[in-house]
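The values are calculated or read from the model by the stated rules, or taken from the named source; none is laboratory data. These numbers were taken from a predicted model, which means no experiment stands behind them. Heads up, the Cβs are rebuilt from the backbone with ideal geometry, glycines too, and the neighbour counts pull from every protein chain shown. Note: accessible area is taken over every heavy atom of the protein model, side chains too, but ligands, DNA and RNA are not part of it. Shrake-Rupley method; radii C 1.70, N 1.55, O 1.52, S 1.80 Å.
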Amino acid sequence: MKKQCNKYPLVFACGLFIAAMNFSFTADARHEGGERHKTLAESTADAHTSTDPFICKEEVNTPKPLDNGPAELPARYFWLMDSFVGQLDEGLKAFPEATLADLDKQFNSKHFPFAILGPAVLYAKKHPSNKRYHDPRMLALALRIGDKMAAESAKGDYGERADGDWETYMWLETYRLLINELGEERKSTWKNEIVKYIKELEEECLLRINFGWYNTPYTGTSPNHYSIYASIVYLAGKVFKEENWVKIGGHILNRFATVEQTPDGYWGELVRSSPTIGYNHLTLSSVALYWEHSGDKLALPALRRATDFHKNFTYPNGEPVELMNDRNRYWTGSVIKGKDASDPNNYLTVSPWAQFAFTNFPDGRRYVQFLASFFKPENMNVDLLGRLAQNTLYYHEGPLTPIPQDQQRYQYRLKQVEGGISKNGPWVTAFSGLYSPQAILNRFYLDRQGNFSVFHKQLGQIITGANSKRQPELATFQEKLQGDYHTIPMSSRLQLSADTNRLSLAYNTFFADLYVPKPTEKELKFRFVISSIGNTADDPALNLQLCLRSGKMLETGAGKKIMLSDERIDLSPAEIGGWIKHNGWTLQVDPTASLSWPVYPFNPYADKPEQNIVRAVGRLTVPLKLRTKPGGYVRPDDQEISFLLKTE
């Protein structure tokens with residue numbers, strides 16, 4: 001399997017390590033007597049979430065999906081999977097000799113083997129909502145996919161697939177579910193091929209097991225990959241009764257749950273303190289799978305903390321808050337069935353990974369119900385089928401309690417770092433005072449230079465605080481010293497209150513205070529107060545990334561009307577005339593503001609700027625006018641830059 005890491009020789013003997021390993025946890029039976037362990041029902045982060053009734057007014061009725069499918073889970077999961085497995089079966093029958101690579105193309109997928117778990121769960125999972133239970137067609141479909149995987153593995157082709165460990169999990173889980181239906185010959189064949197890849201993952205696990213941290217600067221891969229390796233090794237140990245694999249995977253995953261995760265519920269990929277919200281779902285899925293099969297009581301609090309993190313940093317449209325991500329400007333899943341993969345609009349933006357982890361808790365179950373409401377039959381593909389199957393398999397049924405998305409108003413602040421979010425009616429504002437070192441040689445980590453975002457429930461994202469790399473023009477603040485631009489704050493502080501939220505950001509030659517008063521239904525005000533320190537830098541500026549949309553009209557206070565396209569525009573302060581209007585909102589700006597469109601942000605996977613206009617942003621720039629020496633070393637309130645955002 002192709003994995004996102006470098007291969008190294010083992011530096012110690014597996015047997016000696018296992019003999020010396022000392023575990024700090026007790027693994028008990030996960031489902032003794034058919035009953036799940038009791039779960040933690042209460043949030044661990046109440047002190048950081050506003051609980052005043054005025055702030056957290058709950059909606060009496062939670063919204064229903066805008067389709068004819070069930071809102072309840074796991075019924076909706078079964079309904080979605082059932083809507084797609086027939087097409088899957090027909091597609092396989094139409095191309096009986098197709099390779100996995102052929103099927104990737106046929107089904108517009110990068111991971112066709114994900115498909116195996118869907119029919120396996122539909123066949124094996126007994127539930128009133130599952131009309132496919134013990135349907136022989138589902139069994140035959142799962143076996144056909146597994147046999148194809150085994151055949152390619154025997155030829156050596158399967159191991160060359162990128163992220164094949166993800167696919168191997170789906171195969172292993174299917175083996176576990178259908179073991180009594182496989183027959184001796186197939187069972188032996190599948191096991192022999194699966195075990196080949198488990199041994200590779202065992203090596204990867206042992207190589208890094210004693211490293212100082214399980215993040216990229218130490219492991220050479222990312223925490224989400226390493227946790228997935230460990231979870232597959234652990235599950236394989238359980239399935240094949242290999243105690244060494246259980247110990248290796250268990251040791252790593254227990255450490256992910258008890259040491260690597262921050263009290264705020266995330267696993268930093270570059271540095272521990274810096275969240276990577278998209279990939280956090282992947283690491284969470286590994287720890288949750290470990291909990292399901294180990295019953296390690298030290299793992300459950302990690303799921304509780306992750307639930308608090310994710311439910312609070314999710315926009316009303318189900319997408320994760322981009323300010324909490326140092327690797328991705330936006331989070332996309334697989335391409336929607338039958339859609340053009342070159343169009344960024346055709347990708348799922350709500351993550352199906354690890355939804356089952358949240359269902360250990362009443363609010364988590366409501367959160368998952370909210371997320372699942374965005375999945376439609378017309379969106380289904382093999383990648384989504386596999387993840388929904390895992391969520392269905394490990395879903396915890398029980399009562400639901402409200403989540404932030406059900407509330408008219410709420411605020412939430414991280415405990416250990418300067419990040420938070422505030423919702424008032426249709427407005428969601430997010431704040432980041434997060435900072436971390438620049439990963440100069442690693443293109444996959446963006447510079448922590450975005451600090452503020454504005455989302456509107458009806459209009460979507462208006463201002464994005466998404467990070468970028470080697471693009472000071474997209475940083476909230478920039479300053480040029482000794483020939484180089486600097487964009488990452490040196491210090492920060494976030495203060496949330498019922499009346500006005502304040503984010504303070506300090507740089508080399510100035511500090512800025514962002515004030516955001518409580519908005520009205522139609523208006524959101526915010527202002528930056530800049531204070532200078534010492535000598536001034538070259539080209540200091542404030543930048544806002546505006547979410548402009550190609551094909552929509554942009555109007556200005558100076559009377560300009562421009563239909564946005566990929567044609568470059570640069571508007572001077574005079575051409576803006578004090579305000580711009582676009583897509584249902586109007587932004588009143590500083591008299592010195594200028595606007596450029598389109599600006600293409602950095603794409604870490606391509607290692608170059610985006611090329612599709614859908615990913616472009618508008619850069620609204622206000623130059624900083626800072627005093628020099630007169631007035632003392634620290635010169636408070638040098639400049640105030642005010643904005644008023646209004647909706648129609």
Discussion item. Suppose all protein chains stay in the model; what accessible area per residue would a 1.4 Å probe give for region 117-196, in Å²?
Written reply: 42
Fill in: region 265-347, accessible area per residue, ligands and nucleic acids excluded (1.4 Å, Å²)
23
Discussion item. Taking 0.36 nm per residue of sequence separation and subtracting the Cα-Cα distance, how much length would be gained by fully extending the chain between residue 83 and residue 135, in nm to one decimal?
Written reply: 17.2 nm
Item to complete: Any chance you could check the Cα centroid distance between region 175-212 and region 70-124 for me, in angstrom?
Response: 22
Discussion item. Can you give the local net charge around residue 269? Use residues other than it whose beta-carbon is closer than 10 angstrom to its beta-carbon, Lys and Arg +1, Asp and Glu -1.
Written reply: +1
Discussion item. Using +1 at the C-beta of Lys and Arg and -1 at the C-beta of Asp and Glu, which of 237, 251, 273 has the Cα lying farthest in the positive direction of the dipole of region 209-279?
Written reply: 237
Worksheet, complete the sentence: For P(r) over Cα pairs in 20 Å bins from 0, in percent the list reads (1) 18, 51, 27, 4, 0; (2) 16, 39, 28, 12, 5, 1; (3) 14, 29, 36, 20, 1; the calculated value is entry (1)
Worksheet item: So what is the orientation-averaged projected area of region 395-445, using the convex hull of its C-alpha atoms, in nm²?
Response: 6.6
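Could you give the length gained by full extension between residue 535 and residue 332, i.e. 0.36 nm per residue of separation minus their alpha carbon distance, to one decimal place?
Answer, rounded to one decimal: 68.8 nm.
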Discussion item. Suppose the Debye formula is applied to equal point scatterers at every Cα of region 63-147; what is log10 I(q)/I(0) at q = 0.14, 0.27 Å⁻¹?
Written reply: -0.52, -1.30
Worksheet entry | Subset of 552/581; 105/608; 191/247; 110/191 violating a 22 Å alpha-carbon distance limit | 105/608; 110/191
Item to complete: Give the calculated FRET efficiency between residue 628 and residue 569 to the nearest 0.05, with a Förster radius of 41 Å applied to their Cβ-Cβ distance.
Response: 0.75
Fill in: Rough spin-label spacing in nm, given labels placed 7 Å along Cα→Cβ, for residue 416 and residue 126
4.4
Worksheet entry | Ordering of 213-219, 367-373 by packing [mean C-beta count within 10 Å, highest first] | 367-373, 213-219
Worksheet item: Just how far, in whole angstrom, is region 312-368 from region 425-491 if you go by their alpha carbon centroids?
Response: 20
Fill in: Computed label-point distance, nm, for sites residue 440 and residue 611 using a 7 Å Cα→Cβ extension
3.0
Practice prompt. Grab the alpha carbons of region 245-359, take their convex hull, and tell me the volume per residue in Å³.
Written response: 126
Worksheet entry | Value of Rg to Rh for region 472-536 (Rh from inverse mean 1/r over Cα pairs, i.e. Kirkwood) | 1.06
Worksheet item: residue 440 accessible area, nearest 10 Å², 1.4 Å probe?
Response: 120
Worksheet item: So what is the calculated 222 nm ellipticity per residue for the chain, using -39500 (n - 2.57) for each DSSP H run with n of 4 or more, over all residues, to the nearest 500 deg cm²/dmol?
Response: -9500 deg cm²/dmol
Response to the item:
FRET efficiency (residue 560, residue 376; Cβ distance; R0 51 Å; to 0.05) is 0.85
Discussion item. Tell me the per residue accessible area of region 463-603 using a 1.4 Å probe; a whole number in Å² is fine.
Written reply: 40
Worksheet item: Which of the peptides 490-503, 195-208 is most tightly packed, and how do the rest follow, judged by the mean count of other Cβ atoms within 10 Å per residue?
Response: 195-208, 490-503
Worksheet item: Taking only the alpha-carbon atoms of region 435-561, what semi-axes of the equivalent ellipsoid follow from 5 times the gyration tensor eigenvalues under a square root, in whole Å, largest first?
Response: 26, 20, 16
Item to complete: Just the number, please: carbon plus sulfur as a percent of the accessible area of the chain, 1.4 Å probe, no ligands or DNA/RNA counted.
Response: 50
